[in-house]
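Derivation of every value follows stated rules applied to the coordinates shown; laboratory data play no part. Small disclaimer: the values here were computed from a predicted structure and weren't measured. Positions of Cβ are backbone-derived with ideal geometry, glycine not excepted, and every protein chain shown enters the neighbour counts.
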Amino acid sequence: MFHARIVSPEGSLYFAAETTPYDLENLRSHVHDLQGSRAQAVRLELSIDGGADAADRQLAALVSTLMAEGVQVQYLPVVGGASHGKRALARAGRSV
């Protein structure tokens, strides 16, 4: 499961969901909806509690794409424990 807070001049949104292709696409859509014409003005705060490696790789790929578009991504640790997702993002070579 992941938790995301999207902050932009257009507003903000908290989104929590399982790490499925459907929910990752919803996250991408929400980020794009809030970025308007300025991707650099959007910040995605992300925390991940567990999940399968394949799902973590999909999330890492989405994060990489969003960062390439100029979205600021910040990793927030899961309260009360280490995050499996953080390890997957690190393995994918993502600096979040």
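Worth a mention:
- Separation of the Phe15 and Ala41 label points, Cα + 7 Å toward Cβ, nm: 1.9
- Sequence of Ser64, Ser12, Ser29, Ser47 once ranked by neighbouring C-beta atoms within 10 Å, starting from the fewest: Ser29, Ser12, Ser64, Ser47
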